[in-house]
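What follows is one structure encoded as structure tokens, with my remarks underneath.
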Amino acid sequence: MSKEFDLKLELKRMNILYVEDEEMTRKTFERSLSRMFGNIFQAENGKVGLEIFKREHIDLILTDVNMPEMNGLEMSQEIKAINNRLPIIISSAYNDSNFLMQAIDIGIDHYITKPIDMRKFRTKLDEIALNFYNKRILEEREKALELERKLFATVLNSQAAIAMLFTKNDHILFTNEAFFQTFGFKNIEEFKTHHSNINALFIDYPELHDANGWADIVLKKHIKKVAMIDKNGRKQIFNLEMIRLPEENEADYSITLNNITMLEDAIVQAEESNQAKSKFLANMSHEIRTPMNGIIGFAEVLKKGDLSSQQREFVNIISKSASSLLDIINDILDFSKIESGKLDLENAKFNLFEEFESVIELFSAKTYEKNIKLISFIHPQLPAIVYGDSLRIKQILINLIGNAIKFTPDYGVVRVNISKIEESDLTIKLLFSVEDTGIGIPKEKQQLIFTPFSQADSSTSRKFGGTGLGLAISTKLLQLMGSSLKLESEVGRGSKFFFQLGFHTEGKKLQHEFSATSREFNVAIYKSQDMKIYEELLLDYLNAFGLHSRMFSNINELESISFPKTAIFLSTVIDFEILEKLEENKIAKILITDKQFQLSENEKSILMKLFIIL
């Protein structure tokens, strides 16, 4: 007997029909029954009892035999014809064999003699109640399972994806509505008249059509995408997900198909669009090359004329800028090449300092126009020669520095830094960074700017110009080089773009080398007002060279420096007494200034007599 079974509780759940023609007996026994059962329905003969049975939900019948109009056996026969499993207890004083045989023929298997012995009656009830309990539990489970099936079907039918459950013998247990809507079959019967299972619709894998264990083959081969044909011969493409279910499940496999036909069509259209875009870029590049070559040519002609040093400097900048722009125009074509996988990187030998310093020099005129301080630090102890694609790296730096200057307000600062991360005998890894004090980029827009033709704000292109293509090209170029472009930015405080690249070298031959003796001499640096940023840069260079340095702001501080070999000035505002002291002690003087464009020829001539000007 089940541990959950409780006789009293189970009897209270049951409805009993008590049929007895003797009113006194019926009322007397009714009191006993009321203490045991939940609901009691009474009838004085078989005819009334049959009517009650048809009208009410009855779980058990206790009936007398001899009654007017319809006896107990006749009523039982009618009821058994309707519900053969309903338990009926016959109660009678008769105990002859003919009567018992008639009761057995009707299907009655519970009999108790009158007067009713309550102990025997309870024994009968114990068996009946347990059967009732088991039947009730089974019905509840079936209802729960049916509810679960309906919920399962509702959920799957609400999905756009096709879902199917089937056995290893290709018996389809369930398929959702999306299957019929997609493939055009009215129902599973129509589908099964033409095909054994869904694998018969595969186009790309005809060997699976009649293969035994085809689902296991799909799993083994990791097939994730299939082209399939519907009832009308139309081809569609699906992402496929096959799962082998645990053994306790009725189904052995589940398959899910997501229709990606529109996505695949969109990819084809996008590829066609890219091809059209590549043709457009090629044509546009050709049209722009012609006037740019004209600018470069006339700049070369101007160089041969009678120009002042300032004019010559400007013409050189025009020439360099035009050449750089022409390179960028050519590189716009590379965007389409990168997307199509047709761009090849070079691995040529180049001088790191010459190539990258020339990039920074391109922007001197632009920074001068905006009074922006362009600070560059290329660690002097880097190898003289490295191997890589200098043109692509310069293209990235030109884009990053150009953006930094563009988005930095007047009197701001742009810093370019190239330093060593790690080095071995024949390789070196460098860190490139471009940092500005510009407008900054909101955190939620920082990924957007790496998308082609996108900028952080729609008003940016109107205010600052640009196509929004530069960072996308830089990102893709770095990906081809095995690196990535990273960003740190804060609105109102500026941005920092940085990336790492590895290079092969020719050993540890340095661009700038100093003997042990030369490292011993001291450098005196004159403190200048509003020159702190340049002082910090100068100290970085001197420290990188391993040279000793001291700051001074007056004659007394200068005299306290032990045997300085060189004095460096970052401003033309200098105490004349200090200059006399330096001349007296034959100390070399170097003037580093970013204001050469502001000096007249006469001023330059005077300063050149006093200083080495950088």
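Do any GluC sites (Glu not before Pro) in segment 148-230 lie in a loop, going by DSSP, with at most 10 other beta-carbon atoms within 10 Å of their beta carbon, and if so which? Working shown, then result.
Details: sites: Glu148, Glu177, Glu189, Glu190, Glu207; in loops: none.
For GluC sites (Glu not before Pro) across segment 148-230 that sit outside H, G, I, E and B with at most 10 neighbouring Cβ atoms in 10 Å, the list is empty.
So how much slack lies between Ser553 and Leu100, counting 0.36 nm per residue of separation and subtracting their Cα-Cα distance, in nm? Could you put the intermediate results ahead of the total?
Values: separation 453, 0.36 × 453 = 163.08 nm, distance 13.09 nm.
Length difference between fully extended and current span is 150.0 nm.
For a Förster distance of 45 Å, can you work out the FRET efficiency between the beta-carbons of Ile587 and Ile288, rounded to the nearest 0.05? Intermediate values should be presented prior to the final figure.
On the way: r = 53 Å, r/R0 = 1.18.
The pair Ile587/Ile288 has a calculated efficiency of 0.25.
If I model a spin label as a point 7 Å beyond the Cα along the Cα-Cβ vector, how far apart are those points for Arg244 and Asp306 in nm?
Taking the two extended label points, one gets 9.3 nm.
Take the Cα atoms of segment 14-96, build their convex hull, and give its volume per residue in Å³.
Values: hull volume 7.6 nm³, N = 83.
Hull volume normalised by residue count: 91 Å³.
What's the center-to-center distance, using Cα atoms, between segment 175-238 and segment 373-431 in Å?
Segment 175-238 and segment 373-431 have Cα centres separated by 57 Å.
As an exercise, use a Förster radius of 41 Å and the Cβ-Cβ distance of Lys114 and Glu4 to find the FRET efficiency, rounded to the nearest 0.05. Please report the intermediate quantities before stating the final value.
Numbers: r = 35 Å, r/R0 = 0.84.
Efficiency for this residue pair is about 0.75.
Compactness ratio of segment 109-212: Cα Rg over 2.2 N^0.38 Å, N = residue count? Show your work: numbers first, answer last.
On the way: Rg = 24.9 Å, N = 104, 2.2 N^0.38 = 12.8 Å.
Its radius of gyration relative to the 2.2 N^0.38 Å reference: 1.93.
Would you mind calculating the relative contact order of segment 129-288 from Cα pairs under 8 angstrom and at least 6 residues apart, reporting the percent as a whole number?
Values: 171 pairs, mean separation 31.1, N = 160.
Relative contact order here is 19 percent.
Sorting Ser433, Ser196 by accessible area (1.4 Å probe), largest first, what list results?
Ser196, Ser433
Tally Lys/Arg at +1 and Asp/Glu at -1 over every other residue whose Cβ is under 12 Å from the Cβ of Asp216; what's the total? Numbers along the way, then the final one.
Details: positive: Lys168, Lys220, Lys221, Arg244; negative: Asp252.
Once all neighbours under 12 Å are counted, the net charge is +3.
Figure the gain on full extension for Asp216 and Leu263 (residue separation times 0.36 nm, minus the Cα-Cα span) and round it to one decimal in nm. Don't skip to the answer; put the middle values down first.
On the way: separation 47, 0.36 × 47 = 16.92 nm, distance 2.78 nm.
Gain in length upon complete extension: 14.1 nm.
Asp109 accessible area, nearest 10 Å², 1.4 Å probe?
110 Å²
Pull out the extension gain between Ile223 and Glu361, defined as 0.36 nm times the separation in residues minus the alpha carbon to alpha carbon distance; nm, one decimal.
Details: separation 138, 0.36 × 138 = 49.68 nm, distance 5.57 nm.
Contour length minus Cα-Cα distance gives 44.1 nm.
Determine, from the Cβ-Cβ distance of Tyr411 and Glu271 and an R0 of 45 Å, the FRET efficiency 1/(1 + (r/R0)^6), rounded to the nearest 0.05. Intermediate values should be presented prior to the final figure.
Working: r = 48 Å, r/R0 = 1.06.
Using R0 = 45 Å, I get an efficiency of 0.40.
Heads up, I need the accessible area for Phe545: 1.4 angstrom probe, whole protein in place, Å², nearest 10.
Accessible area, nearest 10 Å²: 40 Å².
Ranked by accessible surface with a 1.4 Å probe, highest first, in what order do His548, His110 come? Intermediate results must be reported in sequence, preceding the final value.
Numbers: His548 105, His110 15 Å².
Result of the area sort, largest leading: His548, His110.
Computed over the Cα atoms of segment 26-184, what is the ratio Rg over Rh, Rh following Kirkwood? It would help to have the intermediate numbers written out before the result.
Working: Rg = 23.6 Å, Rh = 19.3 Å.
Value, to two decimals: 1.22.
Just to be sure I understand the model, the point goes 7 Å from the Cα along the line to the Cβ. What's the resulting Ala161 to Thr427 distance in nm?
About 4.2 nm separates the two model spin labels.
The values are calculated or read from the model by the stated rules, or taken from the named source; none is laboratory data. Please read these numbers as outputs of a predicted model, since none were measured by experiment. A quick note on method: Cβ atoms are made from the backbone with ideal geometry, for glycine too, and the neighbour counts reach across all protein chains shown. All accessible areas refer to the heavy atoms of the entire protein, side chains included, with ligands and DNA or RNA removed. Shrake-Rupley method; radii C 1.70, N 1.55, O 1.52, S 1.80 Å.
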